[in-house]
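Report on the structure given below.
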Amino acid sequence: MASDHYDKAITIKSPEEIELMFQANQIVAGVLSLLESKILEGISTFELDCLAEEYCYEHDAQPAFKGYKGFPASLCASVNEEVVHGIPSKKKILRPGDIISLDFGTRYKGFYGDAAITVAIGPIDTRIAQLIEVTKTALDKGIEQAKVGNRISDVSRAIQQYTEEHGFSVVRQFVGHGIGSNLHEPPEIPNYVQRQASPRILEGMVLAIEPMVNFGVAKVNVMKDQWTVVTADRKPSAHFEHSVAITSHGPRILSKQISLC
(Lines give C-alpha, C1' and ligand atoms only; values in the text may rest on other atoms or scores of the structure.)
Protein backbone atom coordinates (compact mmCIF):
# COMPACT_ATOMS: atom_id res chain seq x y z
CA MET A 1 0.00 0.00 0.00
CA ALA A 2 1.44 3.33 -1.06
CA SER A 3 2.08 6.00 1.55
CA ASP A 4 1.51 9.73 1.30
CA HIS A 5 3.17 10.62 4.65
CA TYR A 6 4.83 9.29 7.78
CA ASP A 7 5.46 10.63 11.27
CA LYS A 8 8.02 8.38 13.01
CA ALA A 9 11.78 7.85 12.99
CA ILE A 10 13.69 5.44 10.75
CA THR A 11 14.19 2.09 12.47
CA ILE A 12 16.98 -0.45 11.96
CA LYS A 13 15.91 -4.08 12.09
CA SER A 14 17.88 -6.90 13.70
CA PRO A 15 18.65 -10.09 11.71
CA GLU A 16 15.94 -11.85 13.74
CA GLU A 17 13.37 -9.18 12.87
CA ILE A 18 14.30 -9.36 9.20
CA GLU A 19 13.71 -13.13 9.27
CA LEU A 20 10.21 -12.53 10.65
CA MET A 21 9.65 -9.95 7.91
CA PHE A 22 10.83 -12.50 5.37
CA GLN A 23 8.17 -14.91 6.63
CA ALA A 24 5.51 -12.18 6.48
CA ASN A 25 6.53 -11.31 2.95
CA GLN A 26 6.57 -14.93 1.80
CA ILE A 27 2.89 -15.08 2.72
CA VAL A 28 2.34 -11.94 0.62
CA ALA A 29 4.21 -13.58 -2.26
CA GLY A 30 2.03 -16.66 -1.93
CA VAL A 31 -1.13 -14.55 -2.08
CA LEU A 32 -0.01 -12.70 -5.20
CA SER A 33 1.04 -15.93 -6.92
CA LEU A 34 -2.35 -17.47 -6.13
CA LEU A 35 -4.25 -14.44 -7.42
CA GLU A 36 -2.21 -14.31 -10.63
CA SER A 37 -3.13 -17.94 -11.29
CA LYS A 38 -6.84 -17.28 -10.65
CA ILE A 39 -7.27 -14.14 -12.73
CA LEU A 40 -9.52 -14.91 -15.67
CA GLU A 41 -12.13 -13.06 -17.66
CA GLY A 42 -15.34 -12.77 -15.64
CA ILE A 43 -13.89 -12.90 -12.13
CA SER A 44 -14.74 -10.03 -9.79
CA THR A 45 -12.26 -8.12 -7.70
CA PHE A 46 -14.37 -9.10 -4.68
CA GLU A 47 -13.63 -12.77 -5.40
CA LEU A 48 -9.93 -11.98 -5.56
CA ASP A 49 -10.17 -10.22 -2.21
CA CYS A 50 -11.81 -13.29 -0.66
CA LEU A 51 -9.10 -15.58 -2.04
CA ALA A 52 -6.36 -13.33 -0.70
CA GLU A 53 -7.89 -13.05 2.75
CA GLU A 54 -8.50 -16.79 3.02
CA TYR A 55 -4.90 -17.61 2.07
CA CYS A 56 -3.62 -15.10 4.60
CA TYR A 57 -5.61 -16.55 7.50
CA GLU A 58 -4.70 -20.11 6.48
CA HIS A 59 -1.05 -19.12 6.93
CA ASP A 60 -1.59 -17.67 10.42
CA ALA A 61 -1.24 -14.04 9.34
CA GLN A 62 -3.58 -11.05 9.37
CA PRO A 63 -4.41 -8.91 6.33
CA ALA A 64 -2.50 -5.68 6.89
CA PHE A 65 -4.76 -3.38 4.92
CA LYS A 66 -8.17 -4.42 6.25
CA GLY A 67 -9.34 -1.66 8.56
CA TYR A 68 -6.14 0.35 8.05
CA LYS A 69 -7.32 3.96 8.37
CA GLY A 70 -10.75 2.61 7.47
CA PHE A 71 -9.84 0.68 4.31
CA PRO A 72 -12.72 -1.80 3.88
CA ALA A 73 -10.93 -4.76 2.23
CA SER A 74 -7.86 -6.96 2.50
CA LEU A 75 -6.67 -6.47 -1.09
CA CYS A 76 -6.07 -3.30 -3.08
CA ALA A 77 -7.35 -4.14 -6.58
CA SER A 78 -6.81 -1.30 -9.06
CA VAL A 79 -8.10 -1.75 -12.62
CA ASN A 80 -6.87 0.10 -15.72
CA GLU A 81 -6.74 3.84 -14.88
CA GLU A 82 -6.88 3.10 -11.15
CA VAL A 83 -3.36 3.64 -9.80
CA VAL A 84 -3.55 2.30 -6.24
CA HIS A 85 -5.98 1.60 -3.38
CA GLY A 86 -8.81 0.29 -5.56
CA ILE A 87 -11.57 -1.19 -3.37
CA PRO A 88 -12.68 -4.71 -4.39
CA SER A 89 -16.30 -5.00 -5.50
CA LYS A 90 -18.73 -7.67 -6.70
CA LYS A 91 -19.65 -5.23 -9.48
CA LYS A 92 -16.10 -4.87 -10.79
CA ILE A 93 -15.75 -7.74 -13.28
CA LEU A 94 -12.50 -8.22 -15.18
CA ARG A 95 -12.76 -8.13 -18.97
CA PRO A 96 -10.35 -9.02 -21.79
CA GLY A 97 -7.88 -6.20 -22.34
CA ASP A 98 -8.01 -5.01 -18.72
CA ILE A 99 -4.96 -4.71 -16.50
CA ILE A 100 -5.15 -4.99 -12.72
CA SER A 101 -2.70 -3.99 -10.02
CA LEU A 102 -2.84 -6.22 -6.95
CA ASP A 103 -1.35 -4.83 -3.74
CA PHE A 104 -1.40 -6.98 -0.61
CA GLY A 105 0.05 -6.78 2.88
CA THR A 106 0.27 -9.06 5.90
CA ARG A 107 0.97 -8.76 9.60
CA TYR A 108 2.79 -11.80 10.97
CA LYS A 109 4.22 -12.14 14.48
CA GLY A 110 4.27 -8.38 14.89
CA PHE A 111 5.87 -7.49 11.54
CA TYR A 112 4.55 -6.47 8.15
CA GLY A 113 4.98 -7.61 4.57
CA ASP A 114 3.91 -5.64 1.48
CA ALA A 115 4.19 -6.23 -2.28
CA ALA A 116 2.33 -5.59 -5.53
CA ILE A 117 2.11 -6.83 -9.11
CA THR A 118 0.24 -5.79 -12.26
CA VAL A 119 -1.40 -8.47 -14.41
CA ALA A 120 -3.06 -8.40 -17.83
CA ILE A 121 -6.35 -10.13 -18.59
CA GLY A 122 -5.91 -11.75 -21.99
CA PRO A 123 -4.20 -9.97 -24.89
CA ILE A 124 -3.60 -6.28 -24.37
CA ASP A 125 -2.36 -3.36 -26.44
CA THR A 126 1.39 -3.57 -27.12
CA ARG A 127 2.12 -0.18 -25.56
CA ILE A 128 0.18 -1.08 -22.39
CA ALA A 129 2.13 -4.33 -22.19
CA GLN A 130 5.27 -2.20 -22.39
CA LEU A 131 3.95 -0.04 -19.55
CA ILE A 132 3.75 -3.14 -17.34
CA GLU A 133 7.23 -4.35 -18.30
CA VAL A 134 8.81 -0.92 -17.85
CA THR A 135 7.26 -0.58 -14.38
CA LYS A 136 8.50 -4.03 -13.38
CA THR A 137 12.00 -3.29 -14.65
CA ALA A 138 11.97 0.16 -13.00
CA LEU A 139 11.42 -1.62 -9.69
CA ASP A 140 14.44 -3.83 -10.41
CA LYS A 141 16.51 -0.74 -11.24
CA GLY A 142 15.48 0.88 -7.98
CA ILE A 143 16.28 -2.22 -5.94
CA GLU A 144 19.77 -2.36 -7.48
CA GLN A 145 20.47 1.02 -5.88
CA ALA A 146 19.15 -0.01 -2.45
CA LYS A 147 22.56 -0.69 -0.95
CA VAL A 148 24.59 0.49 2.01
CA GLY A 149 26.15 3.92 1.41
CA ASN A 150 23.74 5.07 -1.26
CA ARG A 151 20.91 7.50 -0.61
CA ILE A 152 17.17 7.06 -1.10
CA SER A 153 17.50 9.53 -3.97
CA ASP A 154 19.65 6.98 -5.83
CA VAL A 155 16.70 4.59 -5.75
CA SER A 156 14.35 7.37 -6.85
CA ARG A 157 16.66 8.47 -9.67
CA ALA A 158 16.99 4.96 -11.09
CA ILE A 159 13.22 4.50 -11.19
CA GLN A 160 12.46 7.92 -12.65
CA GLN A 161 15.19 7.79 -15.27
CA TYR A 162 14.26 4.36 -16.59
CA THR A 163 10.55 5.18 -16.64
CA GLU A 164 10.89 8.50 -18.43
CA GLU A 165 13.38 7.11 -20.95
CA HIS A 166 10.53 4.90 -22.14
CA GLY A 167 8.00 7.72 -22.39
CA PHE A 168 5.97 7.04 -19.26
CA SER A 169 5.52 9.13 -16.10
CA VAL A 170 5.94 8.41 -12.39
CA VAL A 171 3.32 9.28 -9.81
CA ARG A 172 4.46 11.94 -7.35
CA GLN A 173 1.57 12.15 -4.89
CA PHE A 174 2.12 8.64 -3.50
CA VAL A 175 5.42 7.02 -2.62
CA GLY A 176 7.14 3.92 -1.26
CA HIS A 177 8.04 3.68 2.41
CA GLY A 178 9.96 1.99 5.15
CA ILE A 179 8.26 -1.03 6.70
CA GLY A 180 8.70 -3.07 9.88
CA SER A 181 6.56 -3.29 13.01
CA ASN A 182 4.45 -0.62 11.30
CA LEU A 183 3.06 -0.83 7.78
CA HIS A 184 4.32 2.64 6.89
CA GLU A 185 7.57 3.87 8.41
CA PRO A 186 10.23 6.37 7.35
CA PRO A 187 11.91 6.94 5.05
CA GLU A 188 9.62 7.94 2.22
CA ILE A 189 10.81 6.49 -1.08
CA PRO A 190 9.67 8.74 -3.93
CA ASN A 191 9.81 7.42 -7.48
CA TYR A 192 11.30 10.73 -8.60
CA VAL A 193 14.20 12.84 -7.38
CA GLN A 194 13.27 15.51 -4.85
CA ARG A 195 15.27 18.65 -4.17
CA GLN A 196 15.61 18.22 -0.42
CA ALA A 197 18.26 16.14 1.34
CA SER A 198 17.80 12.39 1.05
CA PRO A 199 18.48 9.85 3.85
CA ARG A 200 21.53 7.60 3.65
CA ILE A 201 20.74 3.90 3.20
CA LEU A 202 21.95 1.84 6.16
CA GLU A 203 22.28 -1.86 6.87
CA GLY A 204 19.17 -3.14 8.62
CA MET A 205 16.70 -0.81 6.94
CA VAL A 206 13.73 -2.44 5.21
CA LEU A 207 12.19 -0.56 2.31
CA ALA A 208 8.92 -1.06 0.43
CA ILE A 209 9.94 0.17 -3.01
CA GLU A 210 6.96 0.63 -5.32
CA PRO A 211 7.01 2.46 -8.64
CA MET A 212 3.57 3.61 -9.77
CA VAL A 213 3.86 4.42 -13.46
CA ASN A 214 1.28 6.12 -15.67
CA PHE A 215 0.74 5.70 -19.39
CA GLY A 216 0.08 9.41 -19.75
CA VAL A 217 0.39 12.32 -17.32
CA ALA A 218 1.82 11.93 -13.82
CA LYS A 219 -1.08 13.71 -12.13
CA VAL A 220 -3.62 11.63 -10.19
CA ASN A 221 -6.94 12.24 -8.45
CA VAL A 222 -8.52 10.60 -5.41
CA MET A 223 -12.10 9.47 -5.98
CA LYS A 224 -15.12 10.20 -3.76
CA ASP A 225 -14.58 6.99 -1.78
CA GLN A 226 -11.44 8.72 -0.44
CA TRP A 227 -9.31 5.69 -1.37
CA THR A 228 -9.25 4.90 -5.08
CA VAL A 229 -6.53 6.84 -6.88
CA VAL A 230 -6.98 7.32 -10.64
CA THR A 231 -4.90 8.92 -13.36
CA ALA A 232 -6.02 12.47 -14.15
CA ASP A 233 -6.26 11.66 -17.87
CA ARG A 234 -7.89 8.25 -17.19
CA LYS A 235 -5.13 6.41 -19.05
CA PRO A 236 -3.79 3.12 -17.63
CA SER A 237 -1.34 2.81 -14.76
CA ALA A 238 0.89 -0.02 -13.51
CA HIS A 239 2.28 -0.78 -10.05
CA PHE A 240 4.95 -3.18 -8.78
CA GLU A 241 6.34 -3.41 -5.26
CA HIS A 242 8.80 -5.43 -3.21
CA SER A 243 9.82 -5.24 0.44
CA VAL A 244 13.63 -5.14 0.48
CA ALA A 245 16.05 -5.57 3.39
CA ILE A 246 19.37 -3.74 3.23
CA THR A 247 22.28 -6.08 4.03
CA SER A 248 26.06 -5.80 3.86
CA HIS A 249 25.90 -8.14 0.85
CA GLY A 250 23.37 -6.04 -1.06
CA PRO A 251 19.56 -5.81 -1.21
CA ARG A 252 17.58 -8.87 -0.11
CA ILE A 253 14.13 -9.07 -1.68
CA LEU A 254 11.95 -10.42 1.12
CA SER A 255 8.76 -10.62 -0.99
CA LYS A 256 10.28 -12.63 -3.84
CA GLN A 257 8.66 -16.05 -3.64
CA ILE A 258 11.09 -18.78 -2.63
CA SER A 259 10.27 -22.31 -3.78
CA LEU A 260 10.64 -24.94 -1.06
CA CYS A 261 10.82 -27.76 -3.59
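Assorted remarks:
- Any hit, the stretch 93-114, residues being touching a Phe, Trp or Tyr at 6+ places or on another chain (Cβ under 7 Å), touching a residue at least 40 places away in the same chain (Cβ under 8 Å), under 26 Å from residue 162 (Cα atoms) and not hydroxyl-bearing (Ser, Thr, Tyr): no
- From the options 173, 194, residue that is more than 20 Å from residue 106 (Cα to Cα), among the polar types (S, T, N, Q), surrounded by fewer than 20 Cβ atoms within 10 Å (Cβ to Cβ) and modelled with pLDDT of 95 or more: 173
- You will find that of 9, 24, the residue that is among the small types (Gly, Ala, Ser), within 13 Å of residue 179 (Cα to Cα) and not in a loop (DSSP other than H, G, I, E, B) is 24 and no other.
- Tallying residues that are among the hydroxyl-bearing types (Ser, Thr, Tyr), surrounded by 21 or more Cβ atoms within 10 Å (Cβ to Cβ) and not in a loop (DSSP other than H, G, I, E, B) within the stretch 66-105 yields 2.
- Flag if residue 131 is under 13 Å from the mean Cα position of the chain (by Cα) and either under 23 Å from residue 28 (Cβ atoms) or touching a residue at least 24 places away in the same chain (Cβ under 8 Å) (or both): no
- Any pair with Cβ under 9 angstrom, 6 or more apart, that starts in the stretch 243-254 at a residue that is modelled with pLDDT of 95 or more and ends at one that is surrounded by fewer than 20 Cβ atoms within 10 Å (Cβ to Cβ) and part of a strand (DSSP E or B): 244/252; 245/252; 246/252
Conditions tested, residue by residue: (1) within 20 Å of residue 192 (Cβ to Cβ); (2) more than 14 Å from the chain's Cα centre (by Cα).
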{"residue": "106", "(1), (2)": "no, no"}
{"residue": "115", "(1), (2)": "no, no"}
{"residue": "127", "(1), (2)": "no, yes"}
{"residue": "143", "(1), (2)": "yes, no"}
{"residue": "158", "(1), (2)": "yes, yes"}
{"residue": "162", "(1), (2)": "yes, yes"}
{"residue": "172", "(1), (2)": "yes, yes"}
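- Residue 137 polar (S, T, N, Q), assigned to a strand (DSSP E or B) and under 30 Å from residue 56 (Cα atoms): no
- Close contacts from the stretch 17-36, counting a first residue that is surrounded by fewer than 21 Cβ atoms within 10 Å (Cβ to Cβ) and a second that is part of a helix (DSSP H, G or I) and not acidic (Asp, Glu), with Cβ to Cβ under 8 Å and a gap of 6+ residues or different chains, come to 30/55; 34/51; 34/52; 34/55.
- Search result, residues across the stretch 118-135 that are surrounded by fewer than 16 Cβ atoms within 10 Å (Cβ to Cβ) and either touching a strand residue (DSSP E or B) at 6+ places or on another chain (Cβ under 8 Å) or basic (Lys, Arg) (or both): 127, 129
- Condition check for residue 245: touching a helix residue (DSSP H, G or I) at 6+ places or on another chain (Cβ under 7 Å), assigned to a strand (DSSP E or B) and not polar (S, T, N, Q): yes
- Members of the stretch 165-182 found to be in contact with a His (Cβ under 8 Å, 6 or more places away or on another chain) and under 20 Å from residue 74 (Cβ atoms), listed by number: 177
- Residues of the stretch 143-187 satisfying the condition of being closer than 18 Å to residue 252 by Cα, touching a helix residue (DSSP H, G or I) at 6+ places or on another chain (Cβ under 6 Å), free of Cβ contacts under 8 Å to residues at least 60 places away in the same chain and part of a loop (DSSP other than H, G, I, E, B): 145
- Number of the exception - residue 224 against (1) outside any loop (DSSP other than H, G, I, E, B); (2) free of Cβ contacts under 8 Å to residues at least 60 places away in the same chain: (1)
The values are calculated or read from the model by the stated rules, or taken from the named source; none is laboratory data. Keep in mind the model is a prediction, meaning the values are calculated, not measured. Virtual Cβ from ideal backbone geometry, glycine too; neighbours counted across all protein chains shown.
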